[in-house]
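Chemist: Input: one structure, supplied below.
Any read-out appearing in this document is the output of simple, stated calculations on the displayed coordinates, not a laboratory observation. This one's a predicted model, so the numbers in the text were calculated from it and none came from an experiment. Quick reminder, even Gly has a Cβ in these numbers, built from the backbone with ideal geometry, and neighbours come from all protein chains shown.
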Amino acid sequence: MKRNILIEPDPILRKICKPLEKVDDSIKKLMQEMLETMYAAPGIGLAAVQVGILKRLVVIDISKDKENREPLFFINPEILHKSKKTSVYEEGCLSLPGQFAEIERPAECTLKYVDLNGKQKELKAEGLLATCIQHEVDHLNGILFIDYLSKLKKDMIIKKLVKHKKEIERVIV
Ligand code: NI
């Protein structure tokens, strides 16, 4: 089942998500639905808060090949280390449709997380995956990529999104 993705501005997207206490079948099902929602959008990362669930859950798949999917599931992800070296990617977000901006972030990061089997894992990421992980962990803390922009640029994007939301409502009505 595909889930609805919340669009900024939405106060839920600014909430701090709670750690998950136990990995059970309902969480596995939810994360599969998050993945399905992300693939359909399409996007390369999705946090549970973007479908209105305030838990620290993230799905990512940066593989471009539709035939060979490489989904990653992160439960309670925590960034342990970020490199001093930075990189810049043009970022977008499924909660900010049509909006993109160049964002500078640490080029590498080390992540601690729990996998779908409830096991503690560690991962060292670089390149697009490192950026994607940091973007998604930001979501769990109520942070969006536009928060790194100047107030002027951020306000401009939010204004466009408000207009976009009104247009969608008009179509539904
Ligand atoms: Ni996002």
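Chemist: Cross-link list Lys15/Lys55; Lys28/Lys119; Lys84/Lys124; Lys18/Lys112; Lys82/Lys154: which exceed 18 angstrom alpha carbon to alpha carbon?
Modeler: Lys82/Lys154
Chemist: Place a label point 7 angstrom from the Cα of Ile53 along the Cα-to-Cβ direction, then list the residues of segment 99-115 whose backbone nitrogen is under 16 Å away.
Modeler: 114-115
Chemist: Compute the Cα gyration tensor for the chain, then decide on rounded, prolate or oblate, letting a ≥ b ≥ c be the square roots of its eigenvalues: rounded whenever a/c is under 1.5, prolate when a/b is larger than b/c in the other cases, and oblate in all that remain. Present the calculation step by step, with values, prior to reporting the outcome.
Modeler: Numbers: a/c = 1.66, a/b = 1.21, b/c = 1.38.
Cα axes put the chain in the oblate bin.
Chemist: Please get the size of the charge dipole for the chain, origin at its Cα centre, with Cβ charges of +1 on Lys and Arg and -1 on Asp and Glu, quoted in debye to the nearest 20. It would help to have the intermediate numbers written out before the result.
Modeler: Working: 30 positive and 26 negative charges, 101 e Å.
Here the chain has a charge dipole of around 480 debye.
Chemist: Among Val114, Ala101, Ile133, whose Cα lies farthest out toward the positive end of the dipole of segment 79-173, if unit charges sit on the beta carbon of Lys, Arg (+1) and Asp, Glu (-1)?
Modeler: Positive-end residue among those listed: Ala101.
Chemist: Mind putting a number on the dipole of segment 6-69 about its Cα centre? Charges go on the C-beta only, +1 for Lys and Arg and -1 for Asp and Glu, and I need it in Debye to the nearest 20.
Modeler: Working: 11 positive and 10 negative charges, 50 e Å.
It comes to approximately 240 debye.
Chemist: In nanometres, what is the gap between the two model label sites at Asp65 and Glu21, each 7 Å from Cα along Cα-to-Cβ?
Modeler: 4.2 nm
Chemist: Which loop trypsin sites (Lys or Arg not before Pro) in segment 1-47, with loop taken from DSSP, have no more than 10 other Cβ atoms within 10 angstrom of their Cβ?
Modeler: Here the trypsin sites (Lys or Arg not before Pro) that fit, given the DSSP loop and packing criteria, are Lys22.
Chemist: Counting other Cβ atoms within 10 Å of each Cβ, which GluC sites (Glu not before Pro) in segment 1-81 have at most 11 and sit in a DSSP loop?
Modeler: Those that pass, being in a loop and sparsely packed, are Glu21, Glu67.
Chemist: With runs of 4+ DSSP H residues as the only contributors, calculate the mean residue ellipticity of the chain at 222 nm using -39,500 (n - 2.57) per run, divided by the residue total and rounded to the nearest 500.
Modeler: After summing the helix terms and dividing by residue count, I get -10000 deg cm²/dmol.
Chemist: Determine, from the Cβ-Cβ distance of Ala41 and Glu78 and an R0 of 35 Å, the FRET efficiency 1/(1 + (r/R0)^6), rounded to the nearest 0.05.
Modeler: 0.85
Chemist: For segment 61-125, run through the trypsin sites (Lys or Arg not before Pro) and keep only the ones in DSSP coil with at most 12 other Cβ atoms within 10 Å of their Cβ. Write out the running numbers ahead of the final one.
Modeler: Numbers: sites: Lys64, Lys66, Arg69, Lys82, Lys84, Lys85, Lys112, Lys119, Lys121, Lys124; in loops: Lys64, Lys66, Arg69, Lys84, Lys85, Lys119.
In loop regions of segment 61-125 (DSSP not H, G, I, E or B), the sparsely surrounded trypsin sites (Lys or Arg not before Pro) are Lys64, Lys66, Arg69, Lys84, Lys85, Lys119.
Chemist: Residues in segment 63-97, backbone N under 11 Å from the label point at Thr110 (7 Å along the Cα-to-beta-carbon vector): list them, ranges by number please.
Modeler: Only 80-83 pass the distance filter.
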